[in-house]
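Here the structure is laid out as structure tokens; the discussion comes afterwards.
The values are calculated or read from the model by the stated rules, or taken from the named source; none is laboratory data. This is a predicted model, so every value here is computed, not measured. Because the Cβ atoms are built from the backbone with ideal geometry, glycine has one as well, and the counts that use them run over all protein chains shown.
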Amino acid sequence: MENLILNATPRGETGKGVARKARSAGRTPGVVYRAGGSATPVSFDVAALATIFRKTADPNTLISVQVEGTDARPCLVREVQRDPVSRKVLHVDFYEVDADYVVTVEVTLTSVGRAAGTRAGGTMRQLIRSVTVQCAAGSIPKTIEMDVSPLENGTFLKVSEILQPPGVKIMYTRDFNVVAVEGKRVSKEEAAAAAAAASAPAGKKAPAKAQAKKA
């Protein structure tokens, strides 16, 4: 994985007026937090910050933040404040973590495969888009994949049935449905007939029924 480095300049003053001046000078104000340590008000180059966000496209990506005069330290995004209209970044907070430090974050869920029930006219719905997980900061998955191919009509995939990546623990107190497949239930005979029809060569007609003999 590419080592993403973001340079930061300490801010001697804080406040709304100082933040506005920073933005007018092409800087985005922010804060770097440290566990058990003091927070450091900083500012980032607007273009450099935009490049980092474009490359990661994921708030769970470790970024090496190098505050002027100090060594670069791995950080995660804590909070991003944006203008409600322009969506321009107004303020960003990072918190410093070690790569092996256990963190709790939200990770998106991605379905893999085609649910069996959809082949019989059913519809698959993903009810939950992300889950809370615990893992080392350096091992946060970009997404967690869910195999939905065994799901028939009228069945669900529960969070307890999701295969967890190594070192990642999905956090929940009660089991809940994540994916549902809804639609008409079909008998085994109907399913077999549909499968046979789908596999029949194009243009081949079913044999005609034998005509009754004339008296």
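Quick check on segment 67-80: of everything there that is over 20 Å from the mean Cα position of the chain (by Cα) and surrounded by 14 or more Cβ atoms within 10 Å (Cβ to Cβ), which residue is farthest from LEU4 (Cα to Cα)? Checking each candidate, the answer is VAL67.
Does VAL92 meet the test of being closer than 27 Å to SER130 by Cα, surrounded by 16 or more Cβ atoms within 10 Å (Cβ to Cβ) and under 29 Å from the mean Cα position of the chain (by Cα)? The answer is yes for VAL92. Checked against (1) under 26 Å from THR9 (Cβ atoms); (2) surrounded by fewer than 12 Cβ atoms within 10 Å (Cβ to Cβ); (3) among the basic types (Lys, Arg), ARG129 passes all but condition (1).
Contact map, segment 159-185: residues that are among the acidic types (Asp, Glu) paired with residues that are crowded, with 16+ Cβ neighbours inside 10 Å and assigned to a strand (DSSP E or B), Cβ distance under 6 Å, separation 6+ or inter-chain. No pairs are found. Considering (1) modelled with pLDDT under 90; (2) surrounded by 13 or more Cβ atoms within 10 Å (Cβ to Cβ), the lone condition that VAL102 does not fulfil carries the number (1).
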